[in-house]
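The values are calculated or read from the model by the stated rules, or taken from the named source; none is laboratory data. Only a predicted model underlies this, so the values are computations on that prediction, with no experimental measurement involved. Quick reminder, even Gly has a Cβ in these numbers, built from the backbone with ideal geometry, and neighbours come from all protein chains shown. The protein model used for the area step is the full one, side chains on, heavy atoms only, and it has no ligands, DNA or RNA in it. Shrake-Rupley method; radii C 1.70, N 1.55, O 1.52, S 1.80 Å.
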Amino acid sequence: MKLGEIELRVLGVLLEKAMTTPGSYPMTLNALVVGANQKQNRDPVTDHSEADVARALHSLILAGLVREAPPPHGARANRFVHNVVEKLHWDPREQALMAELILRGRQTAGELRAHASRMTAFPDMHGVHAILNGLMGGETPFVEELRREPGRSANRYRHLLGEGAEVVSPAALPSPSQEDTYHESVDRSSPADVEALLDRVSTLESQVEQLTGLIEELRKEVGGLDRFDPEEV
């Protein structure tokens, strides 16, 4: 299965919005155009026209990955839903990881967990790796694990659904230096270690948010002192 760039973007948007904004799902053509071209959670950011998205929808329908949904009572615009459950048998967590790979490109398991958590919960890194292994196995692999790149502390993954997603031969990749090989052995942390690190990051983010609120309160108090008039006492 090799989908074009616009077809992938439309499929990714349908997967994403079904979980993040279920109230706006199924999606109209106009909503898909907006979702395809939004600036957040997209790499690269695109500027597809309504005609581009309409053609992509037609191709996805022919491929059995999208279908037209029955319109709500009184609605005029056609609405569309993805069909990956019936066609590819992806469960919600598989859908979330695939949506992220489609919409953002190559990512590490940790990045995928952080980004895909806005769609569905991933309790730990062990579960993420188990899902990725499932997507890489079977008669039709949907994901490929890439060899560690120089300067990176973890392997990245990419989807195998679209143009430019052909498997890269290991011989075509640069050979790791001795330092990279050392870091590869050191950085192979256990899922428990990675989970603990993510929990610490979450705690630090919460502390930063609390400190930001405290600073804002102090700023307001200082502002009140600036307006204090001794003659009023």
Checklist entry - From the residues in the stretch 33-48 that are surrounded by fewer than 16 Cβ atoms within 10 Å (Cβ to Cβ) and aliphatic (A, V, I, L, M), which one is farthest from H73 (Cα to Cα)? => result V45
Checklist entry - How many residues does the stretch 110-158 contain that are part of a helix (DSSP H, G or I) and either closer than 25 Å to L14 by Cβ or over 15 Å from the mean Cα position of the chain (by Cα) (or both)? => result 18
Checklist entry - If N30 satisfies every condition in (1) within 17 Å of L161 (Cα to Cα); (2) surrounded by fewer than 12 Cβ atoms within 10 Å (Cβ to Cβ) but one, which is the exception? => result (1)
Next on the checklist: Restricting to the stretch 86-98, and then to whatever is within 21 Å of K2 (Cβ to Cβ) and surrounded by 12 or more Cβ atoms within 10 Å (Cβ to Cβ), can you tell me which residue is farthest from the chain's Cα centre (by Cα)?
Outcome noted: K87
Item to check | Residue list for the stretch 60-81, restricted to those being under 13 Å from L161 (Cβ atoms) and either open to solvent by 20 Å² or more (accessible area, probe 1.4 Å) or at pLDDT below 95 (or both) | outcome: A63
Item to check | Pair list, Cβ under 7 Å, 6 or more apart: the stretch 73-89 residue within 25 Å of M136 (Cα to Cα) and without any contact (Cβ under 8 Å) to a residue 40 or more places away in the chain, other residue outside any helix (DSSP H, G or I) and open to solvent by less than 40 Å² (accessible area, probe 1.4 Å) | outcome: N83/G64; N83/L65; N83/V66; K87/G64; K87/L65
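Quick grid of which residues meet (1) within 21 Å of L3 (Cα to Cα); (2) surrounded by fewer than 13 Cβ atoms within 10 Å (Cβ to Cβ); (3) modelled with pLDDT of 95 or more; (4) out of contact with any strand residue (DSSP E or B) (no Cβ under 6 Å at 6 or more places or on another chain):
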| residue | (1), (2), (3), (4) |
| --- | --- |
| A114 | no, no, yes, yes |
| M125 | no, no, yes, yes |
| L135 | yes, no, yes, no |
| V143 | yes, no, yes, no |
| L146 | yes, no, yes, no |
| A154 | no, no, no, no |
| L161 | yes, no, yes, no |
| A172 | no, yes, no, yes |
| S175 | no, yes, no, yes |
